1. Within 10 Å of each residue's Cβ, count the other Cβ atoms and sort 77, 195 from fewest upward.
2. Please compute the modelled spin-label separation between residue 247 and residue 149, points set 7 Å along Cα→Cβ, answer in nm with one decimal.
3. Using the count of nearby Cβ atoms within 10 Å as a rough guide to exposure, how do 104, 381, 217 rank from fewest to most?
4. Per residue of the chain, what 222 nm ellipticity follows from adding -39500 (n - 2.57) for every DSSP H run with n ≥ 4, rounded to the nearest 500?
5. Rounded if a/c is under 1.5, else prolate if a/b beats b/c, else oblate: with a ≥ b ≥ c from the C-alpha gyration tensor eigenvalues square-rooted, which is the range 357-467?
6. Hydropathy at least 0.5 by Kyte-Doolittle, axial extent at least 20 angstrom from the Cα trace: which helices of the chain, defined as entire DSSP H runs, fit?
7. Give me the net charge of residue 347's neighbourhood, meaning all other residues with Cβ under 14 Å from the Cβ of residue 347; Lys, Arg count +1, Asp, Glu -1.
8. Counting other C-beta atoms within 10 Å, which of 456, 440 has the fewest, and how do the rest follow?
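Since every read-out is calculated from the coordinates, none of them should be taken as a lab result. The structure presented is a predicted model; accordingly, all values stated were derived computationally and were not measured. Cβ atoms come from the backbone with ideal geometry, glycine included; neighbour counts cover every protein chain shown.
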Amino acid sequence: MKLFKPIWQNFLLLLIIVLLALKFFSKLKLQTMDQIKKSLKENPVARWGILILISFIMAANYYFYDAISPLKRLLEENFSFSSSDFGLFVSFYSIPNTFFLMAVLGGIILDKIGIRITGFTFTFFMVIGAFLTAYGASEYYNNGGVGYEFMGSFLPGYSPTLKMMLLGRFFFGLGAETSIVVISKIIVKWFKGKEIALAFAINLAIARLGSFAAFNVTPFIENNYTPWTLAIWFAAILLGIGLITFMIYMIFDIKIDKQIGKMKLMDKDEEFQIKDVGKLLKNRSFILIALLCVTFYSAVFPFQSFSPDFFLNKFGVSLQESGQIASLLALGTMIFTPIFGWFVDKKGYSASLMIYGSLLLILVHLTFSLTSINPIFPMIVLGIAFSLVPAAMWPSVAKIVDEHRIGTAYGAMFSIQNLGLWAFPLLMGIVLDATNPGITPEVLASGEGAYNYTYTILMLAGLGVFGLFFALLLKKNDKTSGYGLELPSNTAVEP
């Protein structure tokens, strides 16, 4: 229990930070009467403070998503996971959003009943999933704890450990994607007509701080404390704090609604209707952005999940070093995404930036698959690519979709994206096992063999080619659509 005190010290520190943030926001009430008459969104301190608050929830989300990636080798050694099992675990995150369209339904629910109920409900699902995942890997459960016997009573080809962790991953994904949709709508709500691209960029940068921390903190906990599964519990605790953080945001959402949202009734044609989904599907620019989203993200997020193991096998580094190299992707996005977001706000060129990001993605994956160049530089370049496309893509949606339909639009995008995030981790695991016959968990544990990732990474390079194609079509279409994706954020021409 050596880790018990440090974990709870960190927990208390994070809780204190959240409480201090709440105290800081409460001081906004001390403004003059003239300031109070203005919407909170007109106050830069309030606007940017809200962004930091909600971005912590995204950071906790990203932390948990990536926290298990550095543990792939330990899952193989302790629970006899194969690469296909690990790929199945990663892909299970996307099942509720791919096959049950929960991100779309969540977006529709968001547009119908609002940010507060939707956000709390799906953040709660995310927390439940995180704790179920941690429980599935715990010593108590694997020594015959509650649910172990039941999980062993069906699908004997999969271990009770894997099945409980899959259940947790399912609920985590069920909540996580819709919570991101909610946060996207919050950003549009507070920043539309202002620094919206920069706001999206900073939100992503803070979120990827969670990924950066996961690839460094998880190996540190595993390397220094026992049992290693405490690294997963720590990630779950962070998500619990994220739920508290959203409850704090709800206070300010009530206030902003009183100030601007409920002062006037919506016109009848502004209310969400189910036919709005059909309108989205007829919007060529939206379809092209969604296709770019699924191909680009499918070539990045699944790679990120496998990347610690890739570096471990190809370059022979330690578990901790592989996590540090993998974290360079998040570090790069933390630095470059705000820069490109500012550029989009001031100069525009969103469609062009998506093209450049797709080109860099292809170059990086070809480098990883076909050369043995030191992986540090390609990972930094991948971070630049993964800054260019999101910094331009997400605010572009706000240009082509009305605000009262934005939740549905983002939900549809996330569901389409999740089709790739479900399929390609699974395919990566299958291809990895198929192209490495004879490489078993026992062989890996003995140090007598290693995975060859060449064909697996080439598959991702192929996805980058499709992404480039869609980005080129998007730029061509923008010349006739009238949405002005190449113009600065707040000067788009109405079609």
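1. Details: 77 14, 195 21.
Listed from fewest to most nearby Cβ atoms, that is 77, 195.
2. Those two pseudo-labels are separated by 3.6 nm.
3. On the way: 104 26, 381 17, 217 20.
In order of increasing Cβ crowding within 10 Å: 381, 217, 104.
4. On the way: 22 runs with 378 residues, N = 495.
That calculation yields -25500 deg cm²/dmol at 222 nm.
5. Working: a/c = 3.17, a/b = 1.86, b/c = 1.70.
It is prolate, given that a/c is not under 1.5 and a/b is the larger ratio.
6. Numbers: long enough: 4-26 (33 Å, 1.70); 44-67 (33 Å, 1.06); 115-136 (31 Å, 1.42); 160-191 (46 Å, 1.13); 196-224 (42 Å, 1.10); 230-256 (39 Å, 2.14); 284-298 (21 Å, 1.76); 301-315 (21 Å, 0.09); 319-346 (42 Å, 0.79); 350-370 (30 Å, 1.79); 376-400 (37 Å, 1.73); 406-434 (42 Å, 1.24); 454-481 (41 Å, 0.90).
Going by DSSP H runs, the hits are 4-26, 44-67, 115-136, 160-191, 196-224, 230-256, 284-298, 319-346, 350-370, 376-400, 406-434, 454-481.
7. Details: positive: 346; negative: 195, 345, 486.
Here the count lands on -2.
8. Working: 456 28, 440 15.
Taking fewest neighbouring Cβ atoms as first place, the list is 440, 456.
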